[in-house]
Amino acid sequence: MFITIEGIDGCGKSTQAGKISKWLEARTGRKTIRTAEPYMLREIILGSKNFCALSDLLLFLADRAEHVDKIILPELENNHNVICERYNESTVAYQSVIPNIKDIINACKFPEPDIKIFLDISPEVAFSRVKERNNKNDKFEAEGLMFMKRVSSAYRNLNLTRIFCDNLNEDEVFEAVISKLEALI
Ligand code: TYD
């Protein structure tokens, strides 16, 4: 299985990715690889405050091309499960200022996940978590609450497997994810 986990910064992707990968490995008896984007060009993309929106987009796509070629496809071809934090929908939601963003991503023909899980949390809650977590926010986190709201509403317009997390604790979110996955296995 190829599973992606999406959501705004601070929605709890990493916590859930860890839990899901342990569960899926036991449930399917297959090795389960946990990975995340940005993959290779992380320092370059997140470290520079000067790139224009188009450069950010092209770097995220180059990063994904390498990730697909070096990790995602080889692992899937080996019959392993892959759990990836962030993928195409992060680009649609975060780089939404680029016209025709969906067409550009579609043209890349990256492999389609079996399920795209969207951890939907209100931007206010996520924003306060991110601020507590570190004071050296990366450039997207540093954009502020208005930006988070834009990203959140872009995500909400996409066709994803959505879990409302605001009133759920970590274990309850995990239960909700598992029930979606069980329906697929
Ligand atoms: P990261 O520290 O990995 O954040 P998180 O743990 O929330 O995933 O930083 C990734 C940042 O890059 C995050 O703010 C979202 C942004 N991003 C994009 O803007 N477009 C993309 O295509 C991807 C993959 C990430």
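Just to verify a result, which residue in the stretch 77-123, among those that are within 21 Å of Phe140 (Cβ to Cβ) and assigned to a strand (DSSP E or B), is nearest to the ligand (Cβ to nearest atom)?
Glu85
Ile33 - would you say it is closer than 30 Å to Glu172 by Cα, under 17 Å from the mean Cα position of the chain (by Cα), in contact (Cβ under 8 Å) with a residue 40 or more places away in the chain and surrounded by 14 or more Cβ atoms within 10 Å (Cβ to Cβ)? Break it down into steps so the answer makes sense when it comes.
On the way: closer than 30 Å to Glu172 by Cα: yes; under 17 Å from the mean Cα position of the chain (by Cα): yes; in contact (Cβ under 8 Å) with a residue 40 or more places away in the chain: yes; surrounded by 14 or more Cβ atoms within 10 Å (Cβ to Cβ): yes.
Spelling it out, Ile33 is indeed closer than 30 Å to Glu172 by Cα, under 17 Å from the mean Cα position of the chain (by Cα), in contact (Cβ under 8 Å) with a residue 40 or more places away in the chain and surrounded by 14 or more Cβ atoms within 10 Å (Cβ to Cβ).
Can you confirm whether Arg133 is within 11 Å of the ligand (Cβ to nearest atom) and surrounded by fewer than 20 Cβ atoms within 10 Å (Cβ to Cβ)?
Criteria met by Arg133.
Among the residues of the stretch 125-133, are any in contact (Cβ under 8 Å) with a residue 24 or more places away in the chain, within 22 Å of Gly47 (Cα to Cα) and charged (D, E, K, R)?
Yes; the residues of the stretch 125-133 include at least one that is in contact (Cβ under 8 Å) with a residue 24 or more places away in the chain, within 22 Å of Gly47 (Cα to Cα) and charged (D, E, K, R).
Can you tell me which of (1) aliphatic (A, V, I, L, M); (2) more than 19 Å from Pro113 (Cβ to Cβ); (3) touching a His at 6+ places or on another chain (Cβ under 8 Å) is the one Ile33 doesn't meet?
(2) is the only condition that Ile33 fails.
Report, ordered by the first and then the second residue, all pairs with beta carbons closer than 7 Å, sequence separation of six or more or different chains, a first member in the stretch 95-117 that is among the basic types (Lys, Arg), and a second member that is at pLDDT 95 or above.
Lys102/Val92; Lys116/Thr4; Lys116/Glu6; Lys116/Glu89; Lys116/Leu160; Lys116/Thr161
In the stretch 1-51, how many residues are in contact with a Ser or Thr (Cβ under 6 Å, 6 or more places away or on another chain) and under 20 Å from Lys70 (Cα atoms)?
Matching residues across the stretch 1-51 total 3.
Specify the residue that is farthest from Arg42 (Cα to Cα); the eligible residues are those in the stretch 56-115 that are surrounded by fewer than 21 Cβ atoms within 10 Å (Cβ to Cβ) and of a type in the set (Gly, Ala, Ser).
Ala107
The values are calculated or read from the model by the stated rules, or taken from the named source; none is laboratory data. These numbers were taken from a predicted model, which means no experiment stands behind them. For neighbour counting, all protein chains shown are included, and Cβ atoms are generated from backbone atoms with ideal geometry for every residue, glycine included.
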